[in-house]
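K.L.:
Would you mind keeping the following structure in view while I ask a few things?
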Amino acid sequence: MPVVVSASVLAAGLTACGTVEQLSAAQKVSKALDRLGASTSAGLTVSVEASPEQIVAYGKATGDEIEQRSAEAVSGLSISVAMASDKPLKESSAFKDASGAGGPVGAAPDRSLRVSYVLADRKGTALLEYRQVDAKAYLRADAKGLVKLVGEDPAQVDEVGRELPDELGAVRDVLAGKWIALDLQELADSAKKSDRAKSPAPTGRPPLDPNSAAQLTESLKDVFSRTVTFEDKGRKDGAEHVLMSAPARKLIDGVLGAVEPLSAKFPGQFGRLPAAAPADVPDKAIGVDLYLKDGRFASATFDLAQLEPEAGPGAAFPVKLAFNQSAPVVQAPAGAVTVSEKDLQNVVLALGEAAAEEDGSPGPGPRPGIGPGPGKPLTDAQVKELRGLGMTESQIQIFNELGMDYEEIKSLAQDS
């Protein structure tokens, strides 16, 4: 995440900024980002480059001991993302949602976008996969591989699967390593239908008006141009090397200051923001190494130890983000088992019951309507306000049945 935030968000803030044209290194980064957004497909992989020995040493240096077994499990872990669209990626719903544009409850999924996420271990074995193709989502997990990764007995997976009730068949399919499928259009239609069943209320997050969006963009550009520096470091392994750096606390304080005027006007967009950078943000410059090939992003590396004031000299925890302009084709898997919205609710309620049993409180159980669950009953006005923050009726119902009251659900909606 530090790599993604630093290498893409900060560079995006400098795109089209007047000062970019005066800085050759920054100009290269800006143009590379433009080319990435203008393409119709792309792939990237975020991986832990730190060796088990580096991870153990990092834990000792920061006062948080990490066992050798855990270090070996974390080292080499990677998340690969592939995206393809019928239009430039910067126009797809994924990028618009990431920018905070938001959308109404029940908005139709983007059928032009195909996405794949893969979590893999150091040997390249897929532990968790997610795909989105033609408004359908597909999920598969190597449950035994995940359990083994954390040093537990994979036989536990079979035991849990045998004990599951019939209404949790979707969970049993996941534990068995089967692909499950979710109809995103069906879920969107259900949310829209549920929303219409109540009195009219604002839906989704209110989007920024053009003037406010322009104000925010200009403010962020000003912050980035004053704090972020780009230094051309020559070539390395056939790629152009650019060091991007910024004083961490000054950068975060500047971003918070730029967003603060709009946070009160659009609480659904920004949630509750701190007045200043958290105390654990280091008061020093942090850097990201960017590598470009033929004017395109090739990779970026970031040392997480920069964020730890107690890490000290010699401690290192490198992570890497590698870009692939020709991402593999994302296809729907064969033989996927379809899971309904009701199946999902059963899973969530079952998890709530299990959590309740852990702390000795009564489980929620199936209850019709909003309010009669273990959480304090919600009034129509409270439900209306929560829906105005972008939550669907079914989401509100599930959270309330799991024991959350109005203030807790509202806080969750604002934070997310």
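K.L.:
So if I check each of 46, 56, which one is at pLDDT 90 or above, assigned to a helix (DSSP H, G or I) and buried (at least 18 other Cβ atoms within 10 Å of the Cβ)?
P.N.:
Checking each option against the conditions leaves just 56.
K.L.:
Only one of these is within 23 Å of residue 81 (Cα to Cα) and either without any contact (Cβ under 8 Å) to a residue 40 or more places away in the chain or not hydrophobic (A, V, I, L, M, F, W, C) (or both): 24, 30. Name it.
P.N.:
So the residue among 24, 30 that is within 23 Å of residue 81 (Cα to Cα) and either without any contact (Cβ under 8 Å) to a residue 40 or more places away in the chain or not hydrophobic (A, V, I, L, M, F, W, C) (or both) is 30.
K.L.:
Any idea which of (1) hydrophobic (A, V, I, L, M, F, W, C); (2) at pLDDT 90 or above; (3) exposed (fewer than 14 other Cβ atoms within 10 Å of the Cβ) is the one residue 150 doesn't satisfy?
P.N.:
(2)
K.L.:
If you take the residues of the stretch 195-219 that are modelled with pLDDT under 60 and assigned to a helix (DSSP H, G or I), which of them is farthest from residue 389 (Cα to Cα)?
P.N.:
The extreme case among them is 196.
K.L.:
Here's another thing I want to ask about it. If residue 122 meets every condition in (1) surrounded by 15 or more Cβ atoms within 10 Å (Cβ to Cβ); (2) under 30 Å from residue 319 (Cα atoms); (3) touching a residue at least 60 places away in the same chain (Cβ under 8 Å) apart from one, which number is that one?
P.N.:
(3)
K.L.:
Another question, then. Just wondering, is there one or more residues in the stretch 136-158 that are farther than 25 Å from residue 71 by Cα, part of a loop (DSSP other than H, G, I, E, B) and touching a helix residue (DSSP H, G or I) at 6+ places or on another chain (Cβ under 8 Å)?
P.N.:
Within the stretch 136-158 (the criterion being farther than 25 Å from residue 71 by Cα, part of a loop (DSSP other than H, G, I, E, B) and touching a helix residue (DSSP H, G or I) at 6+ places or on another chain (Cβ under 8 Å)), the answer is no, since none of the residues qualifies.
K.L.:
Please enumerate the residues belonging to the stretch 69-84 that are part of a strand (DSSP E or B) and surrounded by 17 or more Cβ atoms within 10 Å (Cβ to Cβ).
P.N.:
78, 80, 81, 82, 83, 84
K.L.:
So which residues in the stretch 25-64 are acidic (Asp, Glu) and over 20 Å from residue 313 (Cβ atoms)?
P.N.:
Of everything in the stretch 25-64, just one residue is acidic (Asp, Glu) and over 20 Å from residue 313 (Cβ atoms), namely 34.
K.L.:
Please pick out the residue among 371, 388, 360, 365 that is modelled with pLDDT under 80 and either buried (at least 17 other Cβ atoms within 10 Å of the Cβ) or in the same structural domain as residue 129 (by TED's automatic domain parsing) (or both).
P.N.:
Going through 371, 388, 360, 365 in turn, just one is modelled with pLDDT under 80 and either buried (at least 17 other Cβ atoms within 10 Å of the Cβ) or in the same structural domain as residue 129 (by TED's automatic domain parsing) (or both): 371.
K.L.:
Output the residues belonging to the stretch 169-189 that are assigned to a helix (DSSP H, G or I) and not basic (Lys, Arg).
P.N.:
169, 170, 171, 173, 174, 175, 184, 185, 186, 187, 188, 189
K.L.:
Quick one: how many residues across the stretch 20-29 are at pLDDT below 75 and surrounded by 15 or more Cβ atoms within 10 Å (Cβ to Cβ)?
P.N.:
Total satisfying the criteria: 3.
K.L.:
If you don't mind, another one. Being modelled with pLDDT of 90 or more and not in a loop (DSSP other than H, G, I, E, B) is the filter; apply it to the stretch 307-336 and report the residue that is nearest to the chain's Cα centre (by Cα).
P.N.:
Top of the filtered list is 321.
K.L.:
Turning to a different aspect of this structure: State whether one or more residues within the stretch 143-160 are assigned by TED's automatic domain parsing to the domain that holds residue 49, more than 22 Å from residue 84 (Cα to Cα) and of a type in the set (Asp, Glu).
P.N.:
No: the stretch 143-160 contains no residue that is assigned by TED's automatic domain parsing to the domain that holds residue 49, more than 22 Å from residue 84 (Cα to Cα) and of a type in the set (Asp, Glu).
K.L.:
Now, a different point. In the stretch 250-266, what residues are surrounded by 19 or more Cβ atoms within 10 Å (Cβ to Cβ) and within 23 Å of residue 279 (Cα to Cα)?
P.N.:
Of everything in the stretch 250-266, those that are surrounded by 19 or more Cβ atoms within 10 Å (Cβ to Cβ) and within 23 Å of residue 279 (Cα to Cα) turn out to be 251, 254, 255, 258.
K.L.:
Given the conditions (1) modelled with pLDDT of 75 or more; (2) assigned to a helix (DSSP H, G or I), report the number of the one that residue 347 does not fulfil.
P.N.:
With respect to (1) modelled with pLDDT of 75 or more; (2) assigned to a helix (DSSP H, G or I), residue 347 is out only on (1).
K.L.:
May I ask you to list the residues in the stretch 128-146 that are hydrophobic (A, V, I, L, M, F, W, C), surrounded by fewer than 20 Cβ atoms within 10 Å (Cβ to Cβ) and farther than 19 Å from residue 187 by Cβ?
P.N.:
Within the stretch 128-146, 128, 146 meet the criteria.
Residue-wise test of (1) among the hydroxyl-bearing types (Ser, Thr, Tyr); (2) within 30 Å of residue 24 (Cα to Cα); (3) part of a helix (DSSP H, G or I); (4) modelled with pLDDT of 85 or more.
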{"residue": "234", "(1), (2), (3), (4)": "no, yes, no, yes"}
{"residue": "251", "(1), (2), (3), (4)": "no, yes, yes, yes"}
{"residue": "256", "(1), (2), (3), (4)": "no, yes, yes, yes"}
{"residue": "275", "(1), (2), (3), (4)": "no, no, no, no"}
{"residue": "288", "(1), (2), (3), (4)": "no, yes, no, yes"}
{"residue": "291", "(1), (2), (3), (4)": "yes, yes, no, yes"}
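The values are calculated or read from the model by the stated rules, or taken from the named source; none is laboratory data. For clarity, every value in this text was computed on a predicted model and none was experimentally measured. Positions of Cβ are generated from backbone atoms using ideal geometry, with glycine treated the same way; all protein chains shown enter the neighbour counts.
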